[in-house]
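> Can you keep this structure in mind? I'll have questions shortly.
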Amino acid sequence: MSKVQCPICSAAMAGSWQEYPDYPFCSARCRKIDLGRWLKQEYRVPAPAPPDDRSTPGEGEAN
Ligand SMILES: [Zn+2]
């Protein structure tokens, strides 16, 4: 069994991920926060990013 944490608020998500309609976020609120971050990033970098193997920098994604 692997424990899952919300990448936004780091809340422990008990049970299975199927119980979370907003997976991988613990709630719709956290999903909105993540979406806001995305939009900010796109706003900052309007030009298409060059191909890059690395995943999104920062924000420490928990696997
Ligand atoms: Zn959360």
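> So how many residues does region 1-10 have that are closer than 19 Å to residue 35 by Cβ and surrounded by fewer than 14 Cβ atoms within 10 Å (Cβ to Cβ)?
Number satisfying all stated conditions: 2.
> Restricting to region 14-36, count the residues that are buried (at least 17 other Cβ atoms within 10 Å of the Cβ) and within 8 Å of the ligand (Cβ to nearest atom).
3
Here, each number is a calculation from the coordinates, and none is a lab measurement. The structure displayed is predicted, hence computed values, not measured ones. Every residue, glycine among them, receives a Cβ derived from its backbone with ideal geometry; neighbour counts consider all protein chains shown.
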